[in-house]
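Here is the structure we will look at.
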Amino acid sequence: QVVLGDERAARDYLATLPVALLRGREATAALPEPLGRLGIETLGELAALPRAAVADRFGAPGLLAWELAQGRDGALRPREEPERVEEELELPEAMSGVQLERALGLLVDRLLARRERRGRSLRAVVLAATLVEGGTWREQVPFREAHADPLRMRLALAARLALLPAPAERLRLAAVRFGPAASDQRSLLDEAGAERRARLREGVRQARAAAGPDAALRVLAVDPDSRVPERRAVLTPFE
């Protein structure tokens, strides 16, 4: 709703509206109930209270509510578009079982290799599918802790594949919440191996920075028994 005029016009418009509207702001969402117990049912009644009394009783949230009831608010800010990093894979025919899990592993590798991830860990992803029979399926998977471990991601997501209501023709994996930068803790018992893996990861990172995300790939067996060579294996990011 847009109110034309100054603060007085806004205050007059708001005067008859219920204080329950304060639930629309996170900072003032808890105020309607205690205000109702005090007999304050409308924003006009709230605006008529002394500012100092509201501040003494409700603190900073009360002051914000009082300012809103007076018709004062901050400048409008556009809603930021949520950052989304995703990968999609078209499935040959109707995959199931081990083949579908391998396709999921390919998606996980590709998602972690995306430049837009910028080394950050993942807190939650969405696994989605376009079904052969029509329609779509979607499942959000939060992780207990933010990480970027492909093995842990595959284990967490593989169980969700059993929830597919029908065979899928497309599989999509999207990161919806990010965590801090991922870091690998070195093992105290295998320091030499950890150093080699760290050097290898750094080499892969530099190769991708210079030549793009397809600079370092590995062969992943998808359907070794297929008669079609293109379906036996695919190229996937090295790690």
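The values are calculated or read from the model by the stated rules, or taken from the named source; none is laboratory data. Predicted model only: the values in this text are computed from it and were never measured. Positions of Cβ are generated from backbone atoms using ideal geometry, with glycine treated the same way; all protein chains shown enter the neighbour counts. Surface areas here come from the heavy atoms of the whole protein model, side chains and all, with no ligands, DNA or RNA. Shrake-Rupley method; radii C 1.70, N 1.55, O 1.52, S 1.80 Å.
What longest region of the chain stays clear of trypsin sites (Lys or Arg not before Pro) that DSSP places outside H, G, I, E and B and that have at most 13 other Cβ atoms within 10 Å? All intermediate terms of the calculation are to be shown ahead of the outcome.
Values: sites that count: Arg72, Arg79, Arg84, Arg118, Arg186, Arg227.
That would be 1-71.
As a test of the formula, what do you get for the chain when each DSSP H run with n ≥ 4 contributes -39,500 (n - 2.57) and the sum is divided by the residue count, at 222 nm and rounded to the nearest 500 deg cm²/dmol? Provide the component values of the computation, followed by the final result.
Working: 8 runs with 92 residues, N = 239.
After summing the helix terms and dividing by residue count, I get -12000 deg cm²/dmol.
Which entry in (i) 1.03; (ii) 1.07; (iii) 1.20 matches Rg/Rh (Cα atoms, Kirkwood Rh) derived from the coordinates of this structure?
(iii)
Normalised by the number of residues in the chain, what is the relative contact order in percent for Cα pairs under 8 Å and 6+ residues apart? Before the final figure, lay out the partial values.
On the way: 325 pairs, mean separation 41.6, N = 239.
Averaging sequence separation for qualifying contacts and normalising by length gives 17 percent for the chain.
Work out which helices of the chain, taken as complete DSSP H runs, extend at least 20 Å along their axis over the Cα atoms and score a mean Kyte-Doolittle of 0.0 or more, then list them. It would help to have the intermediate numbers written out before the result.
Details: long enough: 97-113 (25 Å, 0.85); 191-211 (30 Å, -1.01).
Qualifying helices: 97-113.
Report, to the nearest whole %, how much of the accessible area of the chain belongs to carbon and sulfur atoms, 1.4 Å probe, protein only. The partial results should precede the final answer.
On the way: 7840 of 15350 Å².
Of the solvent-accessible surface of the chain, carbon and sulfur hold 51 percent.
DSSP loop (so not H, G, I, E, B), at most 10 other Cβ within 10 Å: list which GluC sites (Glu not before Pro) in the range 92-146 pass both filters. All intermediate terms of the calculation are to be shown ahead of the outcome.
Details: sites: Glu93, Glu101, Glu116, Glu133, Glu139, Glu145; in loops: Glu93, Glu133.
Passing sites in the range 92-146 are Glu133.
For the range 1-147, with every protein chain kept in place, what is the accessible area per residue (1.4 Å probe, Å²)?
Numbers: 9250 Å² over 147 residues.
Accessible area per residue: 63 Å².
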